[in-house]
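Peer 1: This is the structure I have questions about; it appears just below.
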Amino acid sequence: NDITLSQAAYRFILSNPAVTTAIGGFSAIEQLEDIAKVADMTPLSAHDLARLNRLWDSNFAADV
């Protein structure tokens, strides 16, 4: 199940229960269509969410 970096970012943002809306800036309809697919995706698994949280906490260090 391959997802784009943008889709992963929106799924990460929206996995936070305090976030109800994410507003992006799009310069092409394809970008909007790519993000719209997130609505049909299953929520991030606990494993994936933990990995993304470690990446976030590391300030995006490559070895996380």
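Peer 1: Return one whole number: the accessible area per residue of the chain in Å², for a 1.4 Å probe. Intermediate values should be presented prior to the final figure.
Peer 2: Working: 5110 Å² over 64 residues.
Heavy-atom SASA per residue in the chain reads 80 Å².
Peer 1: Here's another thing I want to ask about it. Between Ala22 and Leu49, what is 0.36 nm times their sequence separation minus the Cα-Cα distance? Round to one decimal in nm.
Peer 2: 8.0 nm
Peer 1: Roughly to the nearest percent, how much of the accessible area of the range 1-42 is carbon and sulfur, given a 1.4 Å probe? Can you show the working numbers first?
Peer 2: On the way: 1820 of 3220 Å².
Of the solvent-accessible surface of the range 1-42, carbon and sulfur hold 57 percent.
Peer 1: Something else now. Out of [x] 4, 19, 35, 30, 11, 1; [y] 3, 15, 26, 25, 18, 11, 2; [z] 4, 19, 33, 24, 12, 6, 2, 1, 0, which label holds the value of P(r) over Cα pairs in 5 Å bins from 0, in percent that was computed here?
Peer 2: Read-out taken from this structure: [y].
Peer 1: Measure off 7 Å from each Cα along the Cα-to-Cβ vector at Glu33 and Ala61, then give the distance between these two points in nanometres to one decimal.
Peer 2: 4.0
The values are calculated or read from the model by the stated rules, or taken from the named source; none is laboratory data. All of these numbers come straight from a predicted model, not from anything done at the bench. Using ideal geometry, Cβ is built from the backbone for each residue, glycine included, and neighbour counts are taken over all protein chains shown. The area values use the complete protein model at the heavy-atom level, side chains included, leaving out ligands, DNA and RNA. Shrake-Rupley method; radii C 1.70, N 1.55, O 1.52, S 1.80 Å.
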